[in-house]
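Comments concern the structure below.
Throughout, read-outs are computed from the coordinates displayed, never taken from laboratory work. Computed from a predicted structure; not experimentally measured. Cβ placement follows ideal geometry from the backbone for every residue including glycine, while neighbour counts extend to all protein chains displayed.
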C-alpha cells in the first residue's frame, strides 16, 4: 500500500511538472503574440481576435472595440488575427491596407517581445540563481588549496569566466591542462587520497573575489588518469573544491542580462547552422512535445533549471521566428519588404499559398521529430 501511494505521488509529481512545462511554453508563445497585438494596437490596426491556444474555444469574450479574446483547447500555440491579413478588406485599418513600415513593425513585434522577455528572464536567472560564474560552496579538506568558501572565481589564467564567450570554468580548466608543455607536465608532486594517486600541479592562476576584494592566487590542480572503455586514457582534473553559481547583485544582473540573452540567441543560430551543415542530427532537435518533456525532466531535477530554460526558449523563439521560412514572421517581413521596394505586393493568393505550404511542412517536421524521439 505504501509503495502504491509512493508510486502515485511520483506520477502526480511528474504530471505537475509536465503541466508546468506546458504553461511555460504557452506563456512564451503568448508573449510573442502579445508583441504583435501591442504594436498593432499602437499603430491603429484592426484586430479581430487574440487567442491563447488553438482548436475549440473554451472561453470567448468580445470587447467593446470589437476584438475577440479567446482561450482555446490546445495549449501549444496562439495567434493574433488581424483583419485583412490574408485577404482583401475594405477597412482602412485592415492589415494589408497599412503602410509597409507599419506592417514590418507589427510583424517584428513578436520577435521583439520574445527577445525582451529573454532579457528579463536572464536578469531573473542571474539575480535569483546565478548561472556561469562559480562561487566556492565547499572545500575538500583532503586537498590542499588556497581557495576559501564563498570565494567568487572571476578569472582563470587571466581569462574571464563567462558563458557568453564559451569560457566556462570547466572549459578553462581543461584548456589550461591541454596547454601545458611536456616540461610543465613533468613538474609535479604526488599525492595519494582515498587510494587514488594524483599528480599535483601548483600552476593554475585564478583571480578571485574575496570579501569584495580581487586577489590573484595560484591553485593546485590534481590530475589522475585511468583506462577508458575504448582503451584510451581518461584524464580527470580536480581542484579540491565544489562550486555553485554565483548570484549576481542588481547592478551586475542589469549589466549582464542583455549580453547573456544575446548569447543564448547566438547559440541558437550556431545550432541551426550546424543542423544545416550536418554537425548535429535529428536526435538533437525536437518539437513541442519533446520541448515539454525536456523542461519537465530538468525542472524536476532542480527548479533552477527551469529558470535556465526561460531565457533560452524566449531567445529560441525570437531567432526561429525571424528566419525567412514561409509562415513565420521572417518570411512575411520579406514579402512586405519586397512590396515596399517594388511599390506593389506580390499576388496575395500566391503569398498565401506559400505560407500555407510552409506551415504544413513545419507542422509535419515537428510531428516527425517528436515521433522520432518517442520511438528511438
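Laid out as a table, the results:
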{"item": "Relative pair counts by distance (%), Cα atoms of the chain, 10 Å bins", "result": "5, 17, 24, 22, 16, 10, 6, 1, 0"}
{"item": "Pairwise FRET efficiency - residue 23 versus residue 63, Cβ, R0 = 30 Å, nearest 0.05", "result": "0.75"}
{"item": "Pairwise FRET efficiency - residue 250 versus residue 225, Cβ, R0 = 56 Å, nearest 0.05", "result": "0.80"}
{"item": "Ordering of 330-336, 74-80, 85-91 by burial proxy (mean other Cβ atoms within 10 Å per residue, highest first)", "result": "330-336, 74-80, 85-91"}
{"item": "Gain upon complete extension [residue 338, residue 216; 0.36 nm per residue less C-alpha separation]", "result": "38.2 nm"}
{"item": "Rel. contact order, % - alpha carbon contacts under 8 angstrom, at least six apart, the chain", "result": "18 percent"}
{"item": "Projected-area mean, the range 50-121, by convex hull of Cα positions, square nanometres", "result": "6.3 nm²"}
{"item": "Gaussian network model of the chain, springs between alpha carbon atoms under 10 Å - residue of 37, 222, 246 with greatest fluctuation", "result": "222"}
{"item": "Within a Gaussian network of the chain (alpha carbon springs, distance under 10 Å), most fluctuating of 193, 322, 71", "result": "193"}
{"item": "Paired Rg and Dmax values of the range 134-246, which use every Cα atom, in angstrom", "result": "14.4, 47"}
{"item": "Gain on full stretching of the segment that runs from residue 160 to residue 73 - 0.36 nm per residue minus C-alpha separation", "result": "26.5 nm"}
{"item": "Normalised per residue, the volume of the convex hull around the Cα set of the range 63-210 (Å³)", "result": "249 Å³"}
{"item": "Burial order of peptide ranges 122-135, 177-190, 152-165 (average beta-carbon count within 10 Å, highest first)", "result": "122-135, 152-165, 177-190"}
{"item": "Between 0 and 90°, nearest 10: helix 169-179 axis offset from the chain longest Cα axis", "result": "50 degrees"}
{"item": "Point-to-point label distance, residue 233-residue 190, nm (Cα→Cβ direction, 7 Å offset)", "result": "1.5 nm"}
{"item": "Theoretical FRET efficiency, 1/(1+(r/R0)^6), r = Cβ-Cβ of residue 178 and residue 144, R0 30 Å, to 0.05", "result": "0.80"}
{"item": "Acute angle (nearest 10 degrees) that the helix 100-128 long axis makes with the longest principal axis of the chain, alpha-carbon atoms", "result": "30 degrees"}
{"item": "Additional length obtainable on full extension of the chain from residue 361 to residue 97, 0.36 nm per residue less Cα span", "result": "92.2 nm"}
{"item": "Expected 222 nm ellipticity per residue - DSSP helices of 4 or more, -39500 (n - 2.57), all of the chain, to 500", "result": "-17500 deg cm²/dmol"}
{"item": "Angle in degrees between helix 303-322 and the longest Cα principal axis of the chain, rounded to the nearest 10", "result": "50 degrees"}
{"item": "Max mean-square fluctuation residue, GNM over the chain, Cα-Cα springs under 10 Å, options 362, 23, 58", "result": "58"}
{"item": "Relative contact order of the range 50-172, pairs being alpha-carbon contacts under 8 Å that are 6 or more residues apart, as %", "result": "13 percent"}
{"item": "Spin-label pair residue 203/residue 116, simplified geometry with 7 Å Cα→Cβ offset, distance in nm", "result": "5.2 nm"}
